[in-house]
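Asks: The structure under discussion is supplied below as structure tokens; questions concerning it will follow.
The values are calculated or read from the model by the stated rules, or taken from the named source; none is laboratory data. What you see is a predicted model, and the numbers here were worked out from it, not measured in a lab. Don't worry about glycine lacking a Cβ; one is built from the backbone with ideal geometry, like all the others, and counts go over all protein chains shown.
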Amino acid sequence: MAITDKATGIKFNDKANGMPVFGVGVRTKGPIKVYSVACYGSNSLKKSLGELSSRADKKKALEQLLMGTKKGPVTFLLKFNFKVGAEKVASSITDSLLSRSSGSGDVGKLKQILCDGVNVKGTTVKGTTMQFDCSKGGVKVLLDGKNLGYISSGGLAGAFAGVYLDEKSVSPALRQSCLDNCCKP
């Protein structure tokens, strides 16, 4: 079943890359709702989270969610709600990754891929999609469904999970939505 981010009204499909949607949330910058993000993960991780209570086992569920998504596979799908320039969007995403990744060279490669991709388009506009397919081996980057490249770096893939699902998440609403949708009440 499709899921809608309540903050923006942006809808996400129930599956991406054959994986079920875990949850959705919004990324804000001040009062601006920049984009909505969905997290898609493995069936086995969703099943194991389903055995936990989002209330009684919240800490354990959040740890399991983060560790499971760091191992991959996981997809983070961003749908923009606001116009953002190439440098600004690339910097925002990669700055969040830098503190969570040991491979600053990999983060630099990602920044260049994002800048180049968005510059071809001119800017992100409402409806632009940016997808990060993360696995043990690395991260595949897509913009509006077009493959921008692949960065071979398991550390970078794990850092993406942290950006969206650790205790300093850029979208606390996504973390909560994952618990609400995957765990028992």
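Asks: Of the numbered conditions (1) under 23 Å from Asp5 (Cα atoms); (2) at pLDDT 95 or above; (3) small (Gly, Ala, Ser), Gly149 fails exactly one; give the number of that condition.
Replies: That leaves (1) as the condition not met.
Asks: Pairs needed: first member in segment 80-106, in contact (Cβ under 8 Å) with a residue 60 or more places away in the chain and surrounded by fewer than 20 Cβ atoms within 10 Å (Cβ to Cβ); second member anywhere, in a helix (DSSP H, G or I) and among the small types (Gly, Ala, Ser); C-beta distance under 7 Å; at least 6 residues apart or different chains.
Replies: Arg100/Ala159; Arg100/Gly162
Asks: Follow-up. Out of all the residues in segment 138-157, is one or more part of a helix (DSSP H, G or I) and closer than 17 Å to Tyr40 by Cβ?
Replies: Taking every residue of segment 138-157 in turn, at least one turns out to be part of a helix (DSSP H, G or I) and closer than 17 Å to Tyr40 by Cβ.
Asks: Taking the condition out of contact with any Cys (no Cβ under 9 Å at 6 or more places or on another chain), of a type in the set (Val, Ile, Thr), farther than 20 Å from Ile10 by Cα and modelled with pLDDT under 95, does Val163 pass?
Replies: Answer is no for this residue.
Asks: Same structure again: Taking segment 93-117 on its own, how many of its residues are in a helix (DSSP H, G or I), more than 18 Å from the chain's Cα centre (by Cα) and farther than 18 Å from Leu143 by Cα?
Replies: Count: 2.
Asks: Okay, moving on. Does segment 105-128 include one or more residues that are out of contact with any strand residue (DSSP E or B) (no Cβ under 8 Å at 6 or more places or on another chain) and closer than 30 Å to Lys184 by Cβ?
Replies: So far as segment 105-128 goes, no, none of its residues is out of contact with any strand residue (DSSP E or B) (no Cβ under 8 Å at 6 or more places or on another chain) and closer than 30 Å to Lys184 by Cβ.
Asks: Could you tell me which numbered condition Lys47 fails, if it satisfies all but one of (1) buried (at least 17 other Cβ atoms within 10 Å of the Cβ); (2) free of Cβ contacts under 8 Å to residues at least 40 places away in the same chain; (3) not in a strand (DSSP E or B)?
Replies: The number of the failed condition is (1).
Asks: Being assigned to a loop (DSSP other than H, G, I, E, B) and in contact (Cβ under 8 Å) with a residue 12 or more places away in the chain is the filter; apply it to segment 50-79 and report the residue that is surrounded by the most Cβ atoms within 10 Å (Cβ to Cβ).
Replies: This residue is Gly72.
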